[in-house]
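Derivation of every value follows stated rules applied to the coordinates shown; laboratory data play no part. These figures come from a predicted structure and were not determined experimentally. A quick note on method: Cβ atoms are made from the backbone with ideal geometry, for glycine too, and the neighbour counts reach across all protein chains shown.
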Amino acid sequence: MKIVVTGASGFLGREVALAALRRGHEVIALGGTQLPKVHGVARSLTLDLTQAANVQSFMLEEFPQAIVNCTALPTIDGCAKNPELATQLNETLPAQLAQLAFHVGAKLVHLSTDLVFDGKRGRYQHTDLPQPLQHYGQTKAAGEVAVLKYGREQATVIRTTLLNGNSPGGNRGLHERLFLDWKVGKRPTLFTDEIRQPVALSNLADVTIELCERSNLSGVYHWAGSEALSRYEMGVKIAEHFHLAPEQYVQGTPQPTSTDLPPRPRDLSLQLHPLLGKLRTPAQNFAEQLDQLRVPRGCEEWYEKTTGRKVVRLLEKGLDF
C-alpha cells in the first residue's frame, strides 16, 4: 500500500512512517520543515501544506491508497500566538485532505486530540460532544468535523493524548523534557490533579497504520494508554524507572485557582472502546511504555555521574540503519 504521511518531520509523524515501513508499506513522507533521516521511505519531501494548490497537485500526482495526517500546530501557546496558522493547519488542511482522499479513493487517518474536551469529568467516550477551552482545541474540533463531512466513509479520526517515547533530538518525549530540567539542576513542579492517559509513541503509530489497513473502520475513535495518571504520578514513575529518587527530582502541587490564568483541562482520560475491541494492537499500561524509554541523547554523562549506571546506546532502526 502506498501511504503518504504528512507531518513526517514531527514527533509522531516520523514514528508513523517507521510503523508503515515495518508493516511492508511504501511510504512517502511530507513535512513543512526539514525531515529527519528515516531509512526505507520511498521519498521524503518538504512541502508547504498551507498552499492548497501544492497539496492538490501532489496528491493527484501520487494517487496514494492511504493518507495519514499528522500535521498540526500542536501547542496551546502556539495556536494562541498564531491563530491564523492554527486554523490553516488544524482545520483547513484536514478538510482538503479529506476531499482529496475521497477523490482518489484513499483511506484518510487524521490525528486529533483529547483537548477537544473541557476536562471537567474525564472518562470521555468517542460519542461525547467536544467542548474545547482553548483555540488549539477549537481548531482541532473543527478539523474533525471537516474530515468527517468530506471524507465520508473513508475517513477515520483518532483522538489521542500525551505522547510517551524517544525523539531523535532528545527533547520531545515526557521523560526527555524532565531529563533536560534534571540535567541543569531543576526540580520540576508537576500538577497532582491534572489527569491524562499517556500513550506510547510506537503503539499509537502501529494503531494508525492498522487503521489504514482497515477500510471497515471509519468515524471518530479514541486511543491512548490503558492508565490515567496525574502529571505528578507520571513524573514519579519516570524517575523511579531511571533509578532516581522521586522526592529529589519532582514535586507535586494542585493546579492554581487564579482566574487570571488560562483554563487548563483537569481530567482528559478517555474510554478506548469500541476501538480497543476491534484492533490487533493492544493498549499498553504505563510500565510497558516505560520499558521502551532510554536516557535522552546529551544527558548520558549527567545520568552516569548521578546514578553510577552505565548508559548503553543501542543503534536505532530507522535512524542509524
D (µm²/s, integer) via Stokes-Einstein for the stretch 144-215, Kirkwood Rh across alpha-carbon pairs, 37 °C, 0.692 mPa s: value 219
Pairing the Cα long axis of helix 93-104 with the longest principal axis of the chain, what angle in degrees results, from 0 to 90 and rounded to the nearest 10?
40
Would you mind putting 194-206, 239-251 in packing order, based on average other-beta-carbon counts within 10 Å, highest first?
194-206, 239-251
What is the fewest-to-most order of K237, K37 by other Cβ atoms lying within 10 Å of their Cβ?
K37, K237
With a cut-off of 8 Å between alpha carbons and a minimum separation of six or more residues, what is the relative contact order of the stretch 21-161 in percent?
23
Which entries in K140/K278; K81/K149; K81/K120; K186/K237; K107/K149 show an alpha-carbon gap greater than 23 Å?
K140/K278; K81/K149; K81/K120
What size of dipole, in debye to the nearest 20, comes out for the stretch 38-160 about its Cα centre when the only charges are +1 on Lys and Arg C-beta atoms and -1 on Asp and Glu C-beta atoms?
320
Using 10 Å bins from zero, what percent of all Cα-Cα pairs in the chain falls into each bin?
6, 26, 35, 24, 8, 1
Among P256, P296, P64, determine the one that fluctuates most according to a GNM of the chain built with springs between C-alpha atoms less than 10 Å apart.
P256
Under 24 Å Cα to Cα from K37, which lysines show up? Leave out anything in the same chain fewer than 8 places away.
K2, K317
Beta bridges by DSSP in the chain, antiparallel share as percent, to the nearest 5
5
Among the lysines, which fall within straight-line cross-link reach of K305, defined as a Cα-Cα distance under 16 Å, with same-chain neighbours fewer than 8 residues apart omitted?
K183
How large is the dipole of the chain about the Cα centre if only Lys and Arg carry +1 and Asp and Glu carry -1, each at its Cβ, rounded to the nearest 20 debye?
340
Who wins for biggest fluctuation among E61, E15, E210 in a Gaussian network model of the chain, springs between alpha carbons below 10 Å?
E61
Integer Hz, Karplus 6.51/-1.76/1.60 couplings in order for the stretch 198-210, x for Gly and Pro
x, 10, 5, 4, 5, 5, 5, 5, 4, 4, 4, 6, 4
Fewest to most neighbouring Cβ within 10 Å: what's the order for S112, S230?
S230, S112
Residue farthest toward the positive end of the dipole of the chain, with Cβ of Lys/Arg at +1 and Asp/Glu at -1: which of G219, T87, L201?
L201
Could you list W302, W223 so that the one with the fewest beta carbons within 10 Å of its beta carbon is first and the one with the most is last?
W302, W223
If one takes the longest principal axis of the Cα atoms in the chain, at what angle in degrees, from 0 to 90 and to the nearest 10, does the Cα axis of helix 11-22 lie?
70
Could you tell me whether the stretch 185-321 comes out rounded, prolate or oblate from its Cα gyration tensor? Rule is a ≥ b ≥ c as square roots of the eigenvalues, rounded for a/c under 1.5, then prolate if a/b exceeds b/c, otherwise oblate.
oblate
Run the numbers on the chain and let me know its relative contact order in percent, using alpha-carbon pairs under 8 Å that are six or more apart.
18
Highest GNM mean-square fluctuation, the chain, Cα pairs closer than 10 Å: which of G298, G151, G119?
G298
Based on the Cα atoms of the stretch 17-117, what semi-axes does the equivalent ellipsoid have, where each is the square root of 5 times one gyration tensor eigenvalue, given in whole Å with the largest first?
23, 16, 14
Compute the long axis of helix 174-183 from its Cα atoms, compare it with the longest principal axis of the Cα atoms of the chain, and write down the angle in degrees, 0 to 90, nearest 10.
40
